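Right, one structure below, let's go through it.
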Amino acid sequence: MSSVTSEHSGIVQGSPDFRDAGLVFPSDFTFGSATASYQVEGAAAEDGRLPSIWDTFSHTPGRVWNGDTGDVACDHYHRWESDLDLMQSLGLHAYRFSIAWPRIVPTGRLSDGVNQAGIDFYSRLVDGLLERGIRPVATLYHWDLPQTLEDAGGWPVRTTVDAFADYAGVVGAALGDRIHTWTTLNEPWCSAYLGYGQGGHAPGRHEPAAALAAVHHLNLAHGKALQALRATSTGSPEYSVTLNFHVLRGEGDGAAEAMRRIDALANRAFTSPMLRGVYDEDLLADTSSVTDWSFVHDGDLATINQPIDVLGVNYYSTATVRLWDGVSPKQMNDGHKAAAGGTAWPGSDRVVEFVQQPGPYTDMGWNIAPEGLLDLLRSLSAQFPHQPLMITENGAAFADEVAPDGSVRDPLRVDYLRRHLTAAHRAIEEGVDLRGYFVWSLLDNFEWGYGYAKRFGIVRVDFDTLERMPKASAHWFRRLAQTGVLPA
Ligand code: FCB
């Protein structure tokens, strides 16, 4: 068994703070930016879209900071053309966006009908990208489950898997002639554990056993969606999934055991079935007091274990764990402060605690640790040597300085990006098959439980006027995308 641990940690000699400039990336390396449907589109009730779990959640008092919702968001649904012009002006090679399931199959059930207006929106978007020379990288599920499906049980029930495969077949047939890369799921860790265990994400349930059933059904949905996309796409797209890995550091006598448990729940619960066709014995044992895993049926693991062309990697920071003594006040600095009463760690919540990380921190309170990205890329490449990797999200929330002339300075974001790209470059030099990097995010947007309070964009959005203003980081990223050389 291998894991993402501190085994390789430590500052790399010759690059003590990962602040290099002048590094040259391979000529075919992809530089892109990412967004997600509910975070940017708005137009929540237009053209046949029905509510998703995030509409319900954000409209429930007390769930999202300041009562913010995605009703309008960045209004990308209406401003898509000028947003595409903006991307082109930034020299982006690729755009990672997500498709809102409730725009395509509004109730989630094919028998209730497919919404042509929703398909037309994404079809125009894809054509607009291709006209501008930008590769479309589409995610099928970035957390907006049709509310009707949640009302019938959500991800903890198996019928949701078939509904997802049906939806995948519809988008595959509609867009699979033009999409460059299909991504089935974004961060199923968040969908399962934050949505159904910890409760800080929609639908906000606190049911540890349901969270583990959701893990399995999301894995199975990934496998069935790959089958449906392959059966319907007439172009030659690449296939992928995006996972958020927990890069772990350990403290105290039981450090190795604490890291093993969290690695099993957070990382291997997804990589082992998807890339090896198994659930690891230690995961099943650690969670045996929560569930007997009887929701795993014969044949499921073979369905989940489909080949993928590229593994999407989202990375923001590291986590430090130790065994909890069961007596001291428990520390839960796992970066998910919007805790809502439940646990994201079924089976290990009374065993492991998350201790405060050394700074510096971003505005999210997440520690800045570019060496963690290097550790992660090394670890994945060692575990899955033939699996090409793509960084599908990396970036940082910071408050911007808006000058009187309207220009936006964000030196901390530039510094964050430079350090992480230096780490990525180091991995490539070491032989890791890393194909590209997508900055999170193109635009300031609806940051889930934090609403509009946290700004991740390289382009500032004025949420009163919805005006866009590229920040200094956008100009810096444009130089990188255009030259392939890490700017100073
Ligand atoms: C990731 C999500 C993305 C965004 C960033 C900050 O977990 O995939 O939508 O919220 O974090």
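The values are calculated or read from the model by the stated rules, or taken from the named source; none is laboratory data. Remember, it's a predicted structure, so these values are computed and weren't measured experimentally. We place every Cβ from the backbone using ideal geometry, glycine too, and count neighbours over all the protein chains shown. For accessibility, only protein heavy atoms count, side chains too; no ligands or nucleic acids. Shrake-Rupley method; radii C 1.70, N 1.55, O 1.52, S 1.80 Å.
Laid out as a table, the results:
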| quantity | calculated |
| --- | --- |
| Residue in the stretch 236-256 that is assigned to a helix (DSSP H, G or I) and within 19 Å of Val137 (Cβ to Cβ) present | no |
| Every residue from the stretch 453-477 that is within 12 Å of Ala397 (Cβ to Cβ) and surrounded by fewer than 20 Cβ atoms within 10 Å (Cβ to Cβ) | Ala453 |
| Qualifying residue in the stretch 280-303 (condition: touching a Ser or Thr at 6+ places or on another chain (Cβ under 8 Å) and within 16 Å of the ligand (Cβ to nearest atom)) | no |
| Condition check for Ile428: open to solvent by 30 Å² or more (accessible area, probe 1.4 Å) and either at pLDDT 95 or above or within 16 Å of the ligand (Cβ to nearest atom) (or both) | yes |
| Subset of the stretch 124-169 (residues that are more than 16 Å from the ligand (Cβ to nearest atom), of a type in the set (Ser, Thr, Tyr) and open to solvent by less than 50 Å² (accessible area, probe 1.4 Å)) | Thr148, Thr160, Tyr167 |
| Candidates Leu212, Leu194, Leu220, filtered to the one that is buried (at least 24 other Cβ atoms within 10 Å of the Cβ) and either over 18 Å from Val161 (Cβ atoms) or modelled with pLDDT under 95 (or both) | Leu194 |
| Every residue from the stretch 309-324 that is away from the ligand (no atom under 16 Å from the Cβ), closer than 14 Å to Met390 by Cα and assigned to a loop (DSSP other than H, G, I, E, B) | Asp309 |
| Lone qualifier among Gly176, Gly172, Gly252, Gly235 - being away from the ligand (no atom under 16 Å from the Cβ) and on the phi > 0 side of the Ramachandran plot | Gly252 |
| Flag for Val290 being open to solvent by 30 Å² or more (accessible area, probe 1.4 Å) and either more than 30 Å from Glu430 (Cβ to Cβ) or not in a helix (DSSP H, G or I) (or both) | yes |
| Among residues of the stretch 179-189, those that are within 13 Å of the ligand (Cβ to nearest atom) and either of a type outside the set (A, V, I, L, M, F, W, C) or open to solvent by 10 Å² or more (accessible area, probe 1.4 Å) (or both), counted | 4 |
| In the stretch 382-413, the residues that are within 21 Å of the chain's Cα centre (by Cα) and either within 16 Å of the ligand (Cβ to nearest atom) or surrounded by 21 or more Cβ atoms within 10 Å (Cβ to Cβ) (or both) | Leu389, Met390, Ile391, Thr392, Glu393, Asn394, Gly395, Ala396, Ala397, Phe398, Arg413 |
| Any pair with Cβ under 6 angstrom, 6 or more apart, that starts in the stretch 185-212 at a residue that is among the aromatic types (Phe, Trp, Tyr) and ends at one that is within 12 Å of the ligand (Cβ to nearest atom) | Trp189/Asn244 |
| Candidates Ile308, Ile368, Ile304 - the one that is touching an Asp or Glu at 6+ places or on another chain (Cβ under 9 Å), at pLDDT 95 or above and farther than 24 Å from Glu251 by Cβ | Ile308 |
